[in-house]
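Enquirer: I have a structure here, written as structure tokens, and I will follow up with some questions on it.
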Amino acid sequence: MALVPCQVLRMAILLSYCSILCNYKAIEMPSHQTYGGSWKFLTFIDLVIQAVFFGICVLTDLSSLLTRGSGNQEQERQLKKLISLRDWMLAVLAFPVGVFVVAVFWIIYAYDREMIYPKLLDNFIPGWLNHGMHFKA
């Protein structure tokens, strides 16, 4: 039951998304106290979707490690459902929303930074957190 490098990578990505979300929620910004809070920003919604997706990936990896070679039909059926959920979430939510957020943010940022990310936000959000929220490799 050795861990494969891609499973370790998924765990690291999940932890990085969780740390970015925690740091983002710790920032005191006036817009977080208005209607909708952080949920009105597509970037925040994308971060939550990505964190949930990688959480499901880690859960799938752990389940496949634990059920490997057991021969239990019920566990195999549950694992197949979990894999289908992971694949559906990637195809319907994680990939399209992630690509849209990154592409639109950086295109508008290159065109006119003040339109999408004013310099005033540099006082609230550090540069590394901005790049962590808007860069998906």
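The values are calculated or read from the model by the stated rules, or taken from the named source; none is laboratory data. Remember, predicted model here, so these are calculated numbers, not experimental data. Cβ atoms come from the backbone with ideal geometry, glycine included; neighbour counts cover every protein chain shown. Keep in mind that these areas ignore ligands, DNA and RNA; they rest on the heavy atoms of the full protein, side chains included. Shrake-Rupley method; radii C 1.70, N 1.55, O 1.52, S 1.80 Å.
Enquirer: For the range 103-125, indicate whether the set of residues that are of a type in the set (Ser, Thr, Tyr), assigned to a helix (DSSP H, G or I), more than 20 Å from residue 20 (Cα to Cα) and open to solvent by 30 Å² or more (accessible area, probe 1.4 Å) is non-empty.
Expert: Yes; the residues of the range 103-125 include at least one that is of a type in the set (Ser, Thr, Tyr), assigned to a helix (DSSP H, G or I), more than 20 Å from residue 20 (Cα to Cα) and open to solvent by 30 Å² or more (accessible area, probe 1.4 Å).
Enquirer: Another question, if that's okay. If I filter the range 64-75 for residues that are closer than 17 Å to residue 6 by Cβ and of a type in the set (S, T, N, Q), do I get at least one hit?
Expert: yes
Enquirer: Provide a single number: the residues in the range 47-93 that are without any contact (Cβ under 8 Å) to a residue 60 or more places away in the chain, more than 17 Å from residue 12 (Cα to Cα), open to solvent by less than 40 Å² (accessible area, probe 1.4 Å) and not β-branched (Val, Ile, Thr).
Expert: Residues meeting the conditions: 5.
Enquirer: May I pose another question? Inspect all residues belonging to the range 30-46 and state whether any of them is under 17 Å from the mean Cα position of the chain (by Cα), loosely packed, with under 12 Cβ neighbours inside 10 Å, of a type in the set (Phe, Trp, Tyr) and over 30 Å from residue 7 (Cβ atoms).
Expert: Checked against the condition, which is being under 17 Å from the mean Cα position of the chain (by Cα), loosely packed, with under 12 Cβ neighbours inside 10 Å, of a type in the set (Phe, Trp, Tyr) and over 30 Å from residue 7 (Cβ atoms), the range 30-46 yields at least one hit.
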